Every structure is written in C-alpha cells, then in structure tokens.
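> Can you read through this structure? Questions will come right after.
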Amino acid sequence: MIYLHLFTVFFKIGLFSFGGGLAIIAVIQQEVVGRGWLSTEEYAQIVTISQITPGPIAVNAATFVGARVPGGTMAESFLGSLVATLGVTLPSFLLVLLVAGSLKKFSGSPVTKSLLMGIRPAIIGFMLSAALIFFKLSVFPSTNEQLLSSFNPVGFLLSLLFFYLHFYKNVGPIPLILLAAAGGLAFF
C-alpha cells in the first residue's frame, strides 16, 4: 500500500512540477513532511544530498525519499525508490509525448504566453519558500519555538558569504558546495 501511495504522491508532484527542481523542493517538502513520512530536518538532508548527486534534484529527492519511507530491507528501499522515481518522471514523459508534435505551433500562442506568465510568480514563490525553509534550518537549527535563542551566527554568516560569492562574484555551484562542505567540517 505504501508503494501505491508513494507513486500517487510523486506522480502528482511530477504532474505539477513547473519551474524545475528548485521550484518543486517546497512542494515535495509539503507532501513528504506534511504526511509525516520525514521530519523537516530529514528532508533537508535528503535535498542536500540530492543537490550534490548527479541528476535532476526533483528526481534525486524522489529517489531518496522513496528509499527512506518504506524502511525495512534493502529490497523495500529499492522498490520505494523505483516507485517514487517512476511517479515523479512519468508525467513529464507522457506530457512530452502528447505535446512534442505541436510544440512549435502553440509556443507563440497568446494563450500559452499568458499561462506561462501566470505560472512564473508561483514558481518564484515555491523557490522562495524552499530558500526560507533551508535558511531557517541553517540559521535557526533548533526546533523549539524560541527562534532567537537558537540563532546560529556561523550559519548566518556562511549563508551570506555563499550568496555573495554566487550572486556577485559568479562562483559556480561546485566550488561553493566543496567550500560549504569544508565549512561544515570546520565549524559544525
């Protein structure tokens, strides 16, 4: 039963995953944490691992979540990974099959342009939501209600540093991930 549930949840996520992996992180988090499958901290670890492993982040996250949710044996984890990954990728595959032939015809359509203009703000909202979730976990790591008492100045300064290096100095993700790993070893 859990496998069918994993498939349907990730199929729904895949069906509405506009904006790519980073935009869908918050949607996956809402589904997975909201169902009690993982804690916010466990999900944050999965997303972090998903970002440093090759492949699309949404697919990687689905694979890792699928491995964790059934628990138990290696076979159960493998089946969970397979089902969740298939669920998140199947909608895109089916939609591409349906629209591939008429993509050029509709890409310049005013209706298509209007739909995409309406979807873009939602994608930005999803991305900001994911960024705020990870900012809170890095800067206020405690789960208690007193946010200020759990303030982590090192996490805050590292967040600012990596934002600056990426946004203003155009340092790529790979050097920043390696630098962040070194920072984690040094400070945490």
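Readers should treat all values here as calculations from the given coordinates under stated rules, not as data from a laboratory. Because the structure is predicted, anything quoted here is derived from the model rather than measured. Here the Cβ is made from the backbone with ideal geometry for all residues, glycine too, and neighbour counts use every protein chain on show.
> What distance in nm lies between label points placed 7 Å from Cα along the C-beta direction at residue 160 and residue 5?
According to this spin-label approximation, the distance is 4.4 nm.
> Between (1) 0.92; (2) 1.01; (3) 1.44, which entry matches Rg/Rh (Cα atoms, Kirkwood Rh) as derived from the coordinates of this structure?
Given (1) 0.92; (2) 1.01; (3) 1.44, the structure-derived one carries the label (2).
> Still on this structure, please answer the following. How high is the FRET efficiency from residue 186 to residue 136, r the C-beta distance, R0 22 Å, rounded to 0.05?
Values: r = 22 Å, r/R0 = 1.01.
Between residue 186 and residue 136 the formula returns 0.50.
> Lysine pairs in the chain 8 or more apart or on different chains: how many have alpha carbons under 30 angstrom apart? Don't jump to the answer; show the numbers that get you there.
On the way: 12/104; 12/105; 12/113; 12/136; 104/113; 105/113; 136/169.
Lysine pair count for the chain: 7.
> Would you mind checking the range 98-132 for residues with the amide N under 13 Å from a putative spin-label position 7 Å along Cα→C-beta of residue 167?
Flagged as within label range: 128, 131-132.
> Hey, what did the range 35-147 get for relative contact order, percent, Cα under 8 Å, at least 6 apart?
On the way: 61 pairs, mean separation 17.9, N = 113.
Reported as a whole number, the value is 16 percent.
> Assuming 0.36 nm per residue, please report the length gained on full extension of the stretch residue 116 to residue 176 beyond their Cα-Cα distance.
18.4 nm
> In whole angstrom, and with the biggest value first, how far do the Cα coordinates of the range 1-98 range along each principal axis?
Dimensions of the range 1-98 along the principal axes of its Cα atoms: 38, 26, 25 Å.
> At a 10 angstrom cut-off on C-beta neighbours, averaged per residue, how do the peptides 122-135, 75-88 rank from highest to lowest?
Working: 122-135: 15.8, 75-88: 20.2.
Going by the mean number of other Cβ atoms within 10 Å, highest first, we get 75-88, 122-135.
> How far apart, in nm, are the 7 Å Cα→Cβ label points at residue 100 and residue 15?
2.2
> If you don't mind, another one. To make sure I understand, if each residue's beta carbon is the centre and we count other beta carbons within 10 Å, what order do 48, 63, 89, 73 fall in, fewest to most? Mind showing how you got there, number by number?
Working: 48 16, 63 22, 89 19, 73 9.
Lowest to highest Cβ neighbour count: 73, 48, 89, 63.
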